[in-house]
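The next block holds one structure in the form of structure tokens; read it before the comments.
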Amino acid sequence: MSCGNTCLSGRNTGLARIFDYFFFSVQTQTTIGFGDMIPTSMLSNWIFVLQSIIGILWQSSIFGLVYTKFSRPTSRSGSILFSDLAIISKRDGILSLQLRVLNLRKHQVVDPQIDIIFAHEACTLEGEPHIKFQILDIPDHCQPFIALPWTVVHPVKEDSPLYGKTLAWWESTHAELLVIFRGIDAVTNGTFQARKSYTVNELRFGRLRFADAYHRDPETSMMTVDLRSFHDIIYTTHPTSPQEMSRSPSSCNLYAEDDVKTVIPDLELPYHRES
């Protein structure tokens, strides 16, 4: 309109002419080009060239924003559940650090791996304080998939950084366990991480084990996970050493029926160096 009524060819006048300008602008922007109207002056041609450039930039920006919004994967780390507490107790007769991990989603995590880093305050020979990080050895640090609760185990042997550490030492050095879970989402094929830390207040020491969190349906033979007992810790009277197991008539039974099943979330007993 600013370049005059003769800048575009067409037969309409008045208000209809205004609508012609609008429709021609949309047709130019969308590259429809019906051919009813054409620019007839240099100024009108440059105006529609400018409109085309601005329109392309605007459309690509809107498309990028919309694509980014809808293609952004949801946070996968929230679907990995860690046990609220970690325990240091005997497992298969060996003193071990134990914690639980579970995949909450129906689709699988491919190549799940887990690392435990032991962090605590230390001091150099020159008296410089620093935070010391040590990676704990996990025999089964990777699994093919996670269908059931995965009990991650670190044997506390003589070469373990945890060996011989008392509860008082944990408290004085502000020791902490950093757990890093890595996996590949089977749907998006994207790698993700989930992290969890355990301080001394989230560790339990003693003759303990995690409560049974899954069972097999006798009719369908399918395994069912019970999330209500996923975080529970129970005291057990089951033999915890090879010598005790050899003397126990029920050593082939993983957990005897008369085991104490009391949940003890507040048990904090220091453990000592094994002789």
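Run the numbers for F23 and K69: contour at 0.36 nm per residue of separation, minus the present Cα-Cα distance, in nm.
13.5 nm
Efficiency by 1/(1 + (r/R0)^6): what FRET value for E158 and D84, r their Cβ-Cβ distance, R0 = 41 Å, to the nearest 0.05?
The value I calculate is 0.90.
Can you tell me the length gained on complete extension of the stretch S172 to L125, counting 0.36 nm per residue apart and subtracting the Cα distance?
Result for the pair: 15.1 nm of gain on full extension.
How far apart, in nanometres, would the label points at Y214 and D92 be if each is projected 7 angstrom from Cα along the Cα-to-Cβ direction?
Label at Y214, label at D92, 1.8 nm between them.
Can you return the lysines within cross-link range of K196? Criterion is Cα-Cα under 25 Å, with same-chain partners fewer than 8 residues away left out.
Cα-Cα hits under 25 Å: K90, K106, K132, K157, K165.
Could you tell me what fraction of 2.2 N^0.38 Å the Cα radius of gyration of the stretch 134-219 comes to, as a two-decimal ratio?
Here the Cα radius of gyration is 1.37 times the empirical estimate.
Within the set of other residues whose C-beta is less than 10 Å from the C-beta of A119, count the net charge using Lys and Arg as +1 and Asp and Glu as -1.
Net charge in that neighbourhood comes out at -1.
Each reported figure results from applying straightforward, stated rules to the coordinates on display, with no laboratory input. Please read all numbers here as calculations on a predicted model, not as lab measurements. Every residue, glycine as well, gets a Cβ built from its backbone with ideal geometry; the counts of neighbours run over all protein chains shown.
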